[in-house]
1. Could you tell me what percent of the DSSP beta bridges with both partners in the chain are antiparallel, to the nearest 5?
2. What is the extension gain from M134 to S75, computed as 0.36 nm multiplied by their sequence separation minus the C-alpha to C-alpha distance, in nm to one decimal?
3. Pull up the DSSP beta bridges for the range 190-329 and report the antiparallel fraction as a percent, rounded to 5.
4. For the range 20-178, state the semi-axes of the equivalent ellipsoid (square roots of 5 times the eigenvalues of the alpha-carbon gyration tensor), sorted largest first and rounded to whole angstrom.
5. Note the angle between two axes, namely the Cα long axis of helix 56-72 and the longest principal axis of the Cα atoms of the chain, as a number of degrees from 0 to 90, rounded to the nearest 10.
6. Sorted from fewest to most neighbouring beta carbons within 10 Å, what does the list K326, K312 look like?
7. Give me I234, I175, I12 sorted ascending by neighbouring Cβ count inside 10 Å, so fewest comes first.
8. Cα axis of helix 212-228 to longest principal axis of the chain: angle in degrees, 0 to 90, nearest 10?
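Laboratory data are not the source of any read-out in this text; all were calculated from the coordinates shown. Keep in mind that this is a model prediction, so the values were computed, not measured. A quick note on method: Cβ atoms are made from the backbone with ideal geometry, for glycine too, and the neighbour counts reach across all protein chains shown.
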Amino acid sequence: MSGLADALRAEIRRTGPLPLARYMDAALNDPTHGYYRTRDPLGAAGDFVTAPEISQMFGELLGVWLAYSWQQMGSPGDALLVELGPGRGTLMGDALRATQRVPGFHESVTLHLVETNPVLRRAQHAALGAFNPMWHDRIANLPPGPLLLVANEFFDALPIDQYIFTKGAWHERRIGLKEGGLEGEDFVFTVGPPADRVFPPGVEGAIREEAPAGHAMLRQIATRLANFGGAAIIVDYGTANGETGDSLQAMRGHARHDPLFEPGSADLTAHVDFASLAAAARQAGATAFGPIEQGPFLETLGIAHRADVLSKSDPTQSGKIGLAVKRLVSPTEMGTLFKALALTGPQQPTPPGFAEKA
Ligand SMILES: C[S@@+](CC[C@H](N)C(=O)[O-])C[C@H]1O[C@@H](n2cnc3c(N)ncnc32)[C@H](O)[C@@H]1O
């Protein structure tokens, strides 16, 4: 059993059952044992595969989105090109390659990577070192300036709280210990104190989620957009209109895993509630567009044309490229579950791929 599990057991014995966000934060971000502090989780040998690792087309199209948004901003010379949770740097590498001929773009932006994982920071250095990136632990450390921001599968990796409706009221859902339980199976969900906020009543056993860490980061982004202008594109899996229910899941070796087994050993994620992110952005003074589904978004940005160009330049790869397009846009794969939300400063026109304000 890991040192982290023992430390969490001791904490529960000392303070009582833990809020889910505390458990997730420890499992993901504990400086010594946290899942996102100790490994590269991506790819065939890891726990999951993300869109930029499926095909270069994903990062290329988002790069074009960012460069077009920069032009819509009036091509400022001091823009911050920011990625939250850049993984191996694949998305940003593809984005920068695809935009190298956009006149003035590369000369006008400085690259900022918000990343806490030292293993992935090394991979990002290998992929993006030529662009002189600056690394930051948190959004608050970014310098001032107009913002061009991209985040793919970042918000789903942030800790959430859960609430359960029971005996006529919402209560916190916490993580306790089943004393005498088998080691490894002794962390259990418990019903905690009544919720300290008002939610609409549910049915007995209903679960709802709140994402305080994601909301805090979203507000920071939106406040910067309101103050300095710019555009942000957030892609993730989640719901467009409303609550997520119980969406907590753990992935290990590309398979579902028990989220309470061996904390720190599996990726813990939750679906993103895009409607509440959009509302938080508007409250902070930014404009929100979407969310729209990833499939139509990538199609509007021209994925079919890009696939055609790549296939013609190397016909031996055309089968693989066709499969990648299917994986990214098909409603039965990533095309519907994954969604894109755009945020802009108040003066910015409608960004590419989006038709209406959220
Ligand atoms: C699911 S991976 C996605 C990686 C990449 N965006 C991609 O699409 O391949 C999540 C990324 O966010 C980083 N991350 C997770 N929590 C973070 C936090 N609180 N602050 C900064 N980075 C974080 C991880 O280390 C990783 O780079």
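1. For the chain, the DSSP antiparallel bridge percentage is about 60.
2. In short, 19.1 nm is gained.
3. Antiparallel bridges: around 75 percent, rounded to the nearest 5.
4. Its equivalent ellipsoid spans semi-axes of 34, 18, 15 Å.
5. Computed tilt is about 70 degrees.
6. Least crowded to most crowded, the residues run K312, K326.
7. Least to most surrounded, the residues fall as I12, I175, I234.
8. Tilt of helix 212-228: around 30 degrees.
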